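> One structure coming up, written as C-alpha cells, with questions to follow.
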Amino acid sequence: MAIGRRRPDPTPESGHGTGISIGGNNNAPLQNVVGQNISHVHQAASAHGVTDVDTVRALLVAFRVDLERNAAGLQHMEALRAMAGTANDSLAAPAEQAHTLRGIAQALPALVLGTAVQQSGEALATAIGGLLT
C-alpha cells in the first residue's frame with residue numbers, strides 16, 4: 001500500500017487548463033479553457049498617474065493617422081474625428097477639461113470595438129485615463 005497523495009483520475013476535461021496566466025511580454029497565440037484559439041489578444045499594463053500630455057498627444061496623432069488610413073471601413077468615422085478633435089482641444093488645459101477627457105476615455109473603446117482602429121483607440125483611451133489619475 002502506497003502512502004501519499006492519490007492523483008485524481010483524468011477526466012475528459014483535464015486536457016484543457018483551468019485558466020490563462022499571462023505574464024511578461026506575450027504575443028503568441030493563446031487558447032482559452034475549452035481549447036478554442038484566441039486571436040488578436042493584446043496585453044497592456046498601465047501605471048496610473050504617470051501618463052503625461054505629450055504621450056497622450058503622440059497617441060492622438062497615431063490614432064488620427066489610423067483613422068484616416070481606415071476611413072472607408074469605419075461606421076462612426078465622423079464621430080471619431082470629432083472626438084479626436086475635442087480631445088486635442090482639451091489637452092491644452094487637461095485639468096480644466098477633465099470631465100470632457102474622461103467622457104472621451106469612457107466612450108472611445110465602445111466606438112472602436114471590432115474595428116481596424118481598435119488598438120490605437122483603446123491605447124488613446126487608456127492614456128487619457130492615465131493622464132487624469
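The values are calculated or read from the model by the stated rules, or taken from the named source; none is laboratory data. Computed from a predicted model, the values in this text were never measured in an experiment. Here Cβ is always computed from backbone atoms with ideal geometry, including for glycine, and neighbour counts include all displayed protein chains. Each accessible area value is taken on the protein alone, full model and side chains, heavy atoms only, with ligands, DNA and RNA left out. Shrake-Rupley method; radii C 1.70, N 1.55, O 1.52, S 1.80 Å.
> Anything in the range 91-110 that is crowded, with 19+ Cβ neighbours inside 10 Å and either free of Cβ contacts under 8 Å to residues at least 12 places away in the same chain or within 21 Å of Ala72 (Cβ to Cβ) (or both)? List them, or say none.
Of everything in the range 91-110, just one residue is crowded, with 19+ Cβ neighbours inside 10 Å and either free of Cβ contacts under 8 Å to residues at least 12 places away in the same chain or within 21 Å of Ala72 (Cβ to Cβ) (or both), namely Leu108.
> Which pairs do you get when a residue that is surrounded by 15 or more Cβ atoms within 10 Å (Cβ to Cβ), found in the range 79-90, comes within reach of a residue that is not in a helix (DSSP H, G or I), reach meaning Cβ atoms under 6 angstrom, with the pair 6+ apart or on two chains?
Listed by first residue and then by second, the contacts come to Ser90/Gln97.
> Given (1) part of a loop (DSSP other than H, G, I, E, B); (2) open to solvent by less than 70 Å² (accessible area, probe 1.4 Å); (3) among the acidic types (Asp, Glu), where does Asp66 come up short, assuming only one miss?
Of everything listed in (1) part of a loop (DSSP other than H, G, I, E, B); (2) open to solvent by less than 70 Å² (accessible area, probe 1.4 Å); (3) among the acidic types (Asp, Glu), Asp66 misses just condition (1).
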